[in-house]
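Scroll down for the structure; my scribbles are underneath it.
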Amino acid sequence: MPLFGVLALQGDFREHLASLTELGEVAVPVRTVEDLGRIDALVIPGGESSVIDRLSRIYGLADPIRQRIADGMPAYGSCAGMIMLADRLENPAVASNSAVQETFGGIDMTVRRNAFGRQVDSFENRLDFNGVNLEAVFIRAPEAVQVGPDVEVISTVPGADPSSRGRIVAVRQGNLLATSFHPEVSGSAAIHEFFIKITRGDA
Ligand code: GLN
C-alpha cells in the first residue's frame, strides 16, 4: 500500500490529507527530509507558492523534493502546488531582497500566477476532467500558458467567455499531475482518485 505525503509547510494541506483519507489511503504530513524519505507519492497543496518555495528551502526540503521528482516519485499539485511543479514561471514573485521565486519543477510548462485576476476574482466553474464533469474552485488560480510535447492537457476552461475559454487548467506529464483549481475545497474526489491510480500504476 503506497504511503501518501502532503507537503505541510503552508496552505490547505489538511484538506488534502482528509481527501486522501476519505478515499481509504494512508496520508501523512511532510515537513522534514525524514518525512519525505518515508513517502511514495507527494501532494503539494494550494496556498501561496512563494511562501511554500521559501519555507521548503529553509527546511532543506527543496532540493530533496526536486531529486525525488526527478527519480520518478508521483506528485500532484493543486493551485500553488501546480506552480511549484512548473519548470518555468512567467511571473515569479520577487522579494524585497530581490530573491526570485523558484519552483521544484518537473512538468515541462510555463505557468502564469494569478492568471484569472486577484482574490476577488475567485470563481467556480464546471469542467471536464477525464470524462468526469466536476465543480472546480479557482482562487487566484494559475494557468499553463505553454506546455511541452510530453505534457497531456486534461482540462481547459469551458464556456463562451473569450477571456477564459480554452485556458489550460489541468495537465499530466508521466507521474506528475497539476490542477489550477482546488478539488480539496470543492470535495470532488475525481482528481485524488486519478492521482491514486497514477501512484498505483493504474493510469
Ligand atoms: N496565487 C497563489 C500563488 O501564487 C496560488 C493561490 C492558491 O493556491 N489558491 O501561489
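One decimal place: the segment ALA99-GLU34 gains 20.7 nm when fully extended, by the rule 0.36 nm per residue minus the C-alpha distance. In this entry, the chain is assigned a mean projected area of 10.7 nm², taken as a quarter of its C-alpha convex hull surface. Taking amide H as placed 1.01 Å from N in the peptide plane, the amide H of ALA136 sits under 5 Å from that of ASN125, ARG126, LEU127, each at least 5 places away or on another chain.
Contact order for region 1-133, expressed relative to its length and based on alpha carbon pairs under 8 Å spaced 6+ residues apart, stands at 20 percent.
The stretch between ALA203 and PHE123, if pulled fully straight at 0.36 nm per residue, gains 25.9 nm over its current Cα-Cα span.
Reducing region 97-119 and region 165-198 to their Cα centroids gives an inter-centroid distance of 18 Å.
Bear in mind these aren't lab numbers, they're just calculated from the coordinates by the rules spelled out. Values in this document were obtained by computation on a predicted structure and should not be read as measured data.
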